[in-house]
Structures are given as C-alpha cells and as structure tokens.
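Heads up, the thing below is written out as structure tokens.
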Amino acid sequence: MLNEQQNQNLQGSSQMPAQQSHGGHEMFDVHEAVSGLVGSMEQSLLYEQHIQDPELKTMLQNHKAYMSLTYNTIVETLKTGNEPSVKTQTYNMAQSNDVLYGMKPSQPKTPAQSATELNDQCISSFMLGNLKSSATAFTMTALETTNPVLRRVFADSVPHIIEMAYEVFLYQNKHQYYQVPQLKPEDMQIYRNSFSPTQNTMQH
C-alpha cells in the first residue's frame, strides 16, 4: 500500500506547472515533428538555388515563411505551456483548384546523378514529400499530446500544411509532373455506388 507521502506525490504530479505538464511519449513525438519541420526549412535553402520557375520559387519562399512562424509558435508553446504570443496563422495557396486528368506518355525517370540535374520537377517532389511527412507527424503528435495548448497548436497547423502540400500537388499536376489517371466511367460508377447511407443514430 502507498503511504501518505507517496500518495500526495502522485496526486501532485497531475498539478505540475504548465511548462512541465508534458508526458514523455509526447516529448518524443514533439521532438520528431519539430525536427522534421526544421529539416524542411533547412532543405528549402538548398532547393531555392536550383529552382528555375519564379512561381515555384515564390511558393517555396511563402512556405518557408509560414514554417518559420509555425516553428516559433511551437517552440514558445513548448517552453511556456501557455497560449503563444503569435497564434497559428492561416496559409492561403495561390494555385487554382483545377486538376488535369488523364495520362500522357513521358520519358521514364531516372535518379539524378549530380546536383546540376536537379530541376523544378525534382524540387517540387521534394517539397511535397516534406510537407506530407510534416502533416503526418503533426497529426500523430496532436492525437496524444497531454498539454492542451500545445496539442491545439499542432492540430491547428495541420490544415495549413495540407494546404501547402495541395498547392504543390496542383503545381506539379499543371506541369504534368504529377499525372492523374482515371478509371473507366463504368468502373467509377461502381466505386461511387459501393456504399449507401446508414441510419443516423445520433440524438439531436
């Protein structure tokens, strides 16, 4: 059985100062998510010098600026456990939502053998991969973060990282770097009709 002092210690552990109210598992997830964000920011320094298209360069610079704000907000919240002085910002993409469907023959891709071979297709693919990783890491972190303010910062950042990733996808699609195949109409119809609504059991 616990003695009275041990019992008080256990009870007191749930009333720690805000800046210390984090679980160990949460710290590992936060460290991984923030490290990934830092990696994306640092890699963008390398990407920028290889970009040819001014539109893609502007997109990268906008993403880097947003990531820097997000990074500072997370770091402040992690250190204080309190509401950050700069809230999570909204990212508004510049691309239209038009998607080109269909496949066109293209040359098979081979890995670049030198940095001089890196082009806008390569760079935009790197950007998309980094954003997809951050969206996943931020989501996983938000699911099990004990500090409510830090959890909300991660959760609120996810839609904007998704927006940046979708912007890169649309850019790639527009330039036929990312082609979108479609099924035959009859197969599409089968998939569209493969589910039906359930009885709504929620009470209003």
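The values are calculated or read from the model by the stated rules, or taken from the named source; none is laboratory data. The structure displayed is predicted, hence computed values, not measured ones. Positions of Cβ are generated from backbone atoms using ideal geometry, with glycine treated the same way; all protein chains shown enter the neighbour counts.
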Taking the residues in the range 43-59 that are in contact (Cβ under 8 Å) with a residue 60 or more places away in the chain and either of a type in the set (Asp, Glu) or outside any helix (DSSP H, G or I) (or both) as candidates, determine which candidate is farthest from CYS122 (Cα to Cα). GLU55
Filter result for the condition that a residue is of a type in the set (Ser, Thr, Tyr), part of a loop (DSSP other than H, G, I, E, B), in contact (Cβ under 8 Å) with a residue 24 or more places away in the chain and farther than 17 Å from GLU55 by Cβ, over SER106, SER96, SER134, SER157: SER106
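Determine if the range 60-79 includes at least one residue that is closer than 15 Å to TYR177 by Cα, outside any loop (DSSP other than H, G, I, E, B) and modelled with pLDDT under 95.
Step one: filter the range 60-79 for residues closer than 15 Å to TYR177 by Cα, giving none.
No.
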Taking the range 126-176 as the search range and keeping residues that are under 20 Å from GLN43 (Cα atoms) and among the acidic types (Asp, Glu), which one is surrounded by the most Cβ atoms within 10 Å (Cβ to Cβ)? GLU167
Number of the exception - THR110 against (1) among the β-branched types (Val, Ile, Thr); (2) modelled with pLDDT of 95 or more; (3) loosely packed, with under 11 Cβ neighbours inside 10 Å: (2)
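Just to check your reading of the model, which residue among VAL30, VAL34 is at pLDDT below 95, surrounded by 14 or more Cβ atoms within 10 Å (Cβ to Cβ), touching a helix residue (DSSP H, G or I) at 6+ places or on another chain (Cβ under 8 Å) and closer than 21 Å to THR145 by Cβ? Lay out the reasoning, then the answer.
Numbers: VAL34 fails: at pLDDT below 95.
Exactly one of VAL30, VAL34 is at pLDDT below 95, surrounded by 14 or more Cβ atoms within 10 Å (Cβ to Cβ), touching a helix residue (DSSP H, G or I) at 6+ places or on another chain (Cβ under 8 Å) and closer than 21 Å to THR145 by Cβ, namely VAL30.
If I ask for residues that are β-branched (Val, Ile, Thr) and surrounded by fewer than 11 Cβ atoms within 10 Å (Cβ to Cβ), which ones from the range 87-100 would you list?
Just the residues of the range 87-100 that are β-branched (Val, Ile, Thr), to begin with: 88, 90, 99.
Within the range 87-100, THR90 is the sole residue that qualifies.
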Surrounded by 12 or more Cβ atoms within 10 Å (Cβ to Cβ), touching a residue at least 60 places away in the same chain (Cβ under 8 Å) and in a helix (DSSP H, G or I) - does that describe any residue in the range 177-193? no
